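**Q** Sharing a structure with you now.
The values are calculated or read from the model by the stated rules, or taken from the named source; none is laboratory data. In this text the structure is predicted, and so the values were computed from the model without any measurement. Note: ideal-geometry Cβ built from the backbone for every residue, glycine included; neighbour counts use all protein chains shown. With ligands, DNA and RNA removed, areas are computed over all heavy atoms of the protein, side chains included. Shrake-Rupley method; radii C 1.70, N 1.55, O 1.52, S 1.80 Å.
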Amino acid sequence: MSRRGNTVRAGVLAFVALLAASCGSPGKPVDPAPVGNAGWPQPAHVGGPDATAGGTSDTSCNPLASLAPAASTAVPDSSTMSDIKKRGKLIAGVDQTTYLFGFRNPTSGNLEGFDIDMVYAIAKAIFGSADGHVQFRAIPSSQREEVLKKHQVDVVVRTYSITCARKKDVEFSSVYYVAGQKILVPKESKAQKLSDLSGKRVCATKKSTSLAKIATDAAKPVPVSVDNWSDCLVMLQQGQVDAVSTDDTILAGMAAQDSTLEVRGEPLTQENYGIGVSKDRQDLVRYVNAVLDQIRGNGVWQDSYRRWVEARLGPASPPSPQYQ
């Protein structure tokens, strides 16, 4: 064999020896970087107690007394309603995540629910037909006052409880629905009411009366605040909170979506829903009250309630209005 052949052979043998060494004992293994607790990611903007929650401690007014209704649902010239009619759209702030009251139908993509029907009733009164005359704006509960004060919407119809604190910033229609705060827990939970959740994490949305109740309850549950009720549902399903506490209307929708969950307890509060309107548009408040009076009497309210709510919460009648 030539000197070149010997050199090549020696090189090959050295490579084989190196390869064999690499396949031998690996020595002490090196631990990978620690990953910590691989829990479920939380929704955005999760917080704790909210000092700006719309609580009911302010008793400086009669929150249920609204402005007297307009004489009819005809649209007067030079009114807020005539401006809306010229625009061609009623702009409504609503929820799109609360099943039964304001949610997006996954099949059609349309917004549906009891609150959505209230919006359509107002639009029908103004335009003669609601078809094509409503622009929905999905908003979190924490932005209800803001969008009204900035005139970004005409009305807010979003399970909106009337309180004296809120009436300092916006006007409300007469009460169109009465709910009550309860708790939602997994069926295997032993908790039957909010007072059974001492030291437990309980979810509600920011700036809600529900969050205020949780934060001030004598049992001292731990408030967890989120942007939307759907965030509470996800956190409960993933075990990040122990319960959700809010209006029975909202909880009924959650329970309808997940059969492993159950609504429990007697009502902790009375939540009177009103339609929010900017303070400088009192003619629209009176007009909305005339529409609500109309649908209480012609069966539209009852038809909507039977369609969306009755199967979950039982029979009900429209609440009687109070006026100033």
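**Q** Whole number please: convex hull volume per residue of the Cα set in segment 260-301, in Å³?
**A** Expressed per residue, the convex hull around the Cα atoms of segment 260-301 is 143 Å³.
**Q** How big is the shadow of the Cα convex hull of segment 129-271, averaged over all directions, in nm²?
**A** For the Cα atoms of segment 129-271, the hull's average projected area reads 9.5 nm².
**Q** Further question: Give the Rg (one decimal place) followed by the Dmax (whole number) of segment 153-200, computed from C-alpha coordinates and expressed in Å.
**A** 16.1, 44
**Q** What accessible area per residue comes out for segment 53-126, rounded to a whole number of Å², with a 1.4 Å probe?
**A** 45
**Q** Would you compute the Debye intensity of segment 192-324 from its alpha-carbon atoms alone, equal scatterers and no solvent, and pass along log10 I(q)/I(0) at q = 0.13 Å⁻¹ to two decimals?
**A** Each listed q corresponds, in turn, to -0.69.
**Q** Calculated FRET efficiency, LYS86 and ASN110, Cβ-Cβ r, R0 25 Å, to nearest 0.05?
**A** Calculated transfer efficiency: 0.45.
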